[in-house]
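This report concerns only the one structure given below.
Where a number appears in this text, it was derived from the coordinates with a stated rule and is not lab data. Because the structure is predicted, anything quoted here is derived from the model rather than measured. We place every Cβ from the backbone using ideal geometry, glycine too, and count neighbours over all the protein chains shown.
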Amino acid sequence: MKKSEQWFKHIFNNTGVGILVVDKKRTILEANKTVCDMLGYKYEEVINKHAEIFHISEESSQRFQEITFNTIFKSNTLDLEYKFKHKDGHPVWIKITGDVIKDKDEVLWIVTDIDKRVKFQEELASLNDILNNKLDRQIEALREKDRQLQYQARLAQMGEMLNMISHQWRQPLMSICATTSFLHGKLLINEFEQKQFIEELEIIEDSSEFLSNTINDFRNFFKIDKEKINTSFESIVDTTLKIIKPILSNNHIEIKTKYESYKTIFSLENEIRQVVLNILKNSEDAFIQKNIKDRKILISTFTKDNFTFLEISDNAGGIKPSLLNKIFDSYFTTKDSINGTGLGLCMSKTIIEDNCKGTITAKNNNKNGVDFTIKLPIKK
Ligand SMILES: Nc1ncnc2c1ncn2[C@@H]1O[C@H](COP(=O)(O)OP(=O)(O)OP(=O)(O)O)[C@@H](O)[C@H]1O
Ligand SMILES: [Mg+2]
């Protein structure tokens, strides 16, 4: 008997888990060596003491009492992770599992030290916070970069717009200058013929009106749409050609249109104009870059099912098949940094697919060029 009692005591003290027996008043009746070591006490320092000594504060002890004793005497068992206090004052996280014994008068607590694990989890959580903050900052920095690049792309478009305006203005301005100096000369030599004067003044008026109209066209063209309106591919292409055709002709590019759709779409007119302009500018760049001799662009519209299609087809050399699936990616460009940001087609895709609920695709054609096809739903 004595031997088995000694044997039991040995196991009791040397098992890997802490064991505590506490009565209903929370007096510690038994404690093994593991739990004493875990909390920094000697056996004599805990026996018959109130379990409060293991707690970091009176409130914490009170809370533990409420959580554990209320539950455990109802359901007989309890499993809990809680912050206890080491004898030298530092907190120790433990996992505690309780069982009611001896006709519900006492509780047997099995105590495991989980301090390392909890501290590791806390460290991990704080590292996670740091990482998340860092990530948030980096995402914000990327967004800012994106905003700046979009802004640069817009500035580049403005630059192009100024180019186009000055191109459009040269002819009427020269005509105004020539007419005024002609009239001036006539006045100086006192040769005043009323009918001729009126005709010449009409040339000046027409030219001035043309100047003012071009400014309005450009202003409308570069406005950002807020609302969708009823429009059609044909009217969008016509207004786009009105401002880009002179520049394209200047670069010996012949443009033909073949309209077979004339269907109404309810969409963002100006944004689609930007897309058409981007595609035409890309063709122009390719013609010049590859020094193509016979430069042709065909713009056609047609319908299929409930959709209307716009196809812009050039013979500007085409796109390497391995690059075809990259051209709509942001910042993908084969041009140098002055001539291309690589945002044109990416912005076009966003406009057509996200804002207008259509599709835009590109494929090489049999004319040694590219076909860009935009598909939009016809207004019901
Ligand atoms: N019609 C075309 N013919 C040949 N290559 C083309 C044509 N259209 C587009 N590409 C290729 O697709 C790439 C991406 O075009 P995208 O318009 O997105 O950018 P980019 O023209 O290079 O620069 P930007 O931002 O100034 O428009 C071009 O660099 C070019 O290599
Ligand atoms: Mg482009």
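3J(HN,Hα) along region 191-200: 9, 10, 10, 4, 4, 5, 4, 4, 4, 5 Hz, from the Karplus curve 6.51 cos²θ - 1.76 cosθ + 1.60 with θ = phi - 60°, whole Hz, x for Gly and Pro. Among the GluC sites (Glu not before Pro) found in region 128-193, those both in a DSSP coil and sparsely packed, with 10 or fewer other Cβ atoms within 10 Å of their Cβ, are E191, E193. The DSSP beta bridges internal to the chain are antiparallel in roughly 90% of cases.
All C-alpha pair distances within the chain, sorted into 20 Å bins from zero, spread as 20, 27, 13, 18, 16, 5, 1, 0 percent across the bins. Annotation: average projected area of region 226-377 is 8.8 square nanometres, based on the convex hull of Cα atoms across all directions.
Across region 1-107, the relative contact order, built from alpha-carbon pairs under 8 Å that are at least six residues apart, equals 21 percent.
Just to confirm my numbers, what's the Cα centroid distance between region 96-143 and region 7-66 in Å? Taking the Cα centre of region 7-66 as reference, the centre of region 96-143 is 23 Å away.
Taking amide H atoms as placed 1.01 Å from N in the peptide plane, the amide H of T308 lies under 5 Å from those of L376, I378, each 5 or more residues away in sequence or on another chain. Give, in nm to one decimal, the length gained when the segment between Q152 and D103 is fully stretched (0.36 nm per residue of separation minus the Cα-Cα distance). Gain on extension, Q152 to D103, equals 9.6 nm.
Quick one: helix 58-75 against the long Cα principal axis of the chain, what's the angle to the nearest 10°, folded into 0 to 90? The two axes meet at around 80 degrees. Over all distinct Cα-Cα pairs of region 89-245, the Kirkwood formula returns a hydrodynamic radius of 24.4 Å.
Step through the table entries K245/K380; K74/K95; K87/K119; K145/K281, compare each Cα-Cα distance with 30 Å, and write down the pairs that go over it. From the list (K245/K380; K74/K95; K87/K119; K145/K281), the Cα-Cα distance tops 30 Å for K245/K380.
What translational diffusion coefficient, to the nearest whole µm²/s, does region 255-301 have by Stokes-Einstein, given a Kirkwood radius computed over alpha-carbon pairs, a temperature of 10 °C and 1.306 mPa s viscosity?
On the way: Rh = 12.4 Å.
Approximately 128 µm²/s, per Stokes-Einstein.
Measuring how big region 2-113 is from its alpha-carbon positions, Rg and Dmax come out at 13.6, 44 Å.
Given the -39500 (n - 2.57) contribution per DSSP H run of 4+ residues, what per-residue ellipticity at 222 nm results for the chain, rounded to the nearest 500 deg cm²/dmol?
Computed mean residue ellipticity for the chain: -17000 deg cm²/dmol.
With loop membership from DSSP and a limit of 11 other Cβ atoms within 10 Å, the longest segment of the chain without chymotrypsin sites (Phe, Trp or Tyr not before Pro) is 1-191.
Against the empirical 2.2 N^0.38 Å scaling, what ratio does the C-alpha Rg of region 335-380 come to?
The value comes to 1.42.
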